[in-house]
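The values are calculated or read from the model by the stated rules, or taken from the named source; none is laboratory data. Bear in mind the structure is a predicted one, so any value in this text is a computation, not a measurement. Ideal geometry is used to build each Cβ from the backbone, glycine not excepted, and the neighbour counts take in all protein chains shown. Heavy atoms of the whole protein, side chains included, go into the accessibility calculation; ligands, DNA and RNA do not. Shrake-Rupley method; radii C 1.70, N 1.55, O 1.52, S 1.80 Å.
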Amino acid sequence: MNKSFIKFITDFVPLLIFFTIYFKNDNDLSLALPPFIGATVIALVIAYLFEKKISIVPLTSGILITFFGGMALYFDDPIFYYIKPTIINLLFASVLLFGKYVMQKPLLKMVLKNNLDLENEGWSKLNDRWAIFFISMAILNELVWRTQSEVFWVNFKLWGLLAITFLFTASQIPLIQKYKIEKQ
């Protein structure tokens, strides 16, 4: 089976399950979280079975979804789920900044080296931009969940974060083109 199809299925089916159940059940987070957690765990198992490994980003997300979703259910308090995107984004930003400024390596290069070949300056700038992006997304998530309704926040997570991430990624194309190493 095609790897990119498997990746698509394992990345998006759990989200589809969550949003479908959430919106079909009068926006009930407590009904949508258990199937979402289950689907996330199943997706990680499927990814492992097909690729014999699980990439760090989906693994970290899966662990945090299970942990924070479980906490939200156990304590019957959605705040644990609301802060999950904040924690994930701050974790990713911290890892990128730690790698660059403590280990002296842009860790984004390690993650994307099979897909991109950039000069070191390009990797450094891209690493910093993604770190700033993750910090900005954490702040934005905090602002939205603290000032808006749960339904607004869920829609923001689905449509807003997706659109913002897509636009940010697209905005990095000029930097990538500038520092891309052409294969000869």
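Find how much the distance from residue 12 to residue 146 grows on full extension, using 0.36 nm per residue of separation minus their present alpha carbon separation; answer in nm with one decimal.
Once the chain is fully extended between residue 12 and residue 146, it gains 45.6 nm.
At 7 Å along the Cα-to-beta-carbon direction for both residue 182 and residue 103, put a label point, then send me their distance in nm to one decimal.
3.2 nm
So how strong a dipole does the chain carry about its Cα centre when Lys and Arg Cβ are +1 and Asp and Glu Cβ are -1, to the nearest 20 debye?
The dipole magnitude comes to about 740 debye.
What's the carbon and sulfur percent of the chain's accessible surface, probe 1.4 angstrom, rounded to a whole number?
For the chain, the apolar C and S fraction of the accessible surface comes to 68 percent.
Which helices, counted as full DSSP H runs in the chain, have an axial Cα extent of no less than 24 Å and a Kyte-Doolittle average of 0.0 or above?
Both cut-offs are met by 3-24, 29-51, 56-74, 84-101, 120-147.
Quick one: accessible area per residue over the stretch 9-126, 1.4 Å probe, rounded to a whole number of Å²?
Dividing the accessible area of the stretch 9-126 by its residue count gives 57 Å².
Please compute the Kirkwood hydrodynamic radius of the chain from all pairs of different C-alpha atoms, in Å with one decimal.
Final number for the Kirkwood radius of the chain is 17.9 Å.
If I model a spin label at residue 75 and residue 23 as a point 7 Å from the Cα along the Cα→Cβ vector, what separation in nanometres do I get?
3.0 nm
Please list, or write none, the aspartates and glutamates whose alpha carbon is within less than 14 Å of the alpha carbon of residue 7, excluding same-chain residues fewer than 8 places away.
Candidates past the 8-residue exclusion: 51.
Quick one: grab the alpha carbon gyration tensor of the stretch 45-113, order the square roots of its eigenvalues as a ≥ b ≥ c, and give me rounded if a/c is under 1.5, else prolate or oblate depending on whether a/b is larger than b/c.
Taking the square roots of the gyration eigenvalues as a ≥ b ≥ c, the stretch 45-113 is oblate.
Working out 0.36 nm times the residue gap between residue 161 and residue 116, then minus their Cα-Cα distance, what length gain in nm do you get to one decimal?
Value of the extension gain: 13.8 nm.
Within the stretch 37-184, count lysine pairs with alpha carbon atoms under 19 angstrom apart where the residues are 8 or more positions apart or belong to different chains.
The result is 18.
Over 5 Å intervals from 0, what percent of Cα-Cα pairs in the stretch 12-66 sits in each interval?
Histogram of Cα-Cα distances, whole percents per bin: 4, 22, 27, 21, 13, 8, 4, 1.
Relative contact order (percent) for the stretch 14-111, with alpha-carbon contacts under 8 angstrom and 6 or more residues of separation?
17 percent.
Summing -39500 (n - 2.57) over the DSSP H runs of n ≥ 4 in the chain and dividing by its residue number, what mean residue ellipticity at 222 nm do you reach, to the nearest 500 deg cm²/dmol?
-25500 deg cm²/dmol
Once you order the gyration tensor axes a ≥ b ≥ c over the Cα atoms, which shape class does the stretch 85-156 get: rounded for a/c under 1.5, otherwise prolate or oblate by comparing a/b with b/c?
prolate
For the stretch 77-184, what is the relative contact order in percent, using Cα pairs closer than 8 Å and at least 6 residues apart in sequence?
36 percent
Compute the FRET efficiency between residue 31 and residue 170 as 1/(1 + (r/R0)^6), taking r as their Cβ-Cβ distance and R0 = 41 Å, and round to the nearest 0.05.
0.70
Once the Cβ-Cβ distance between residue 49 and residue 136 is put in as r, and R0 is 35 Å, what FRET efficiency do you end up with, to the nearest 0.05?
0.45
Restricting to Cα pairs below 8 Å that are 6+ residues apart, what does the relative contact order work out to for the chain? Please round to a whole percent.
About 17 percent, as a whole number.
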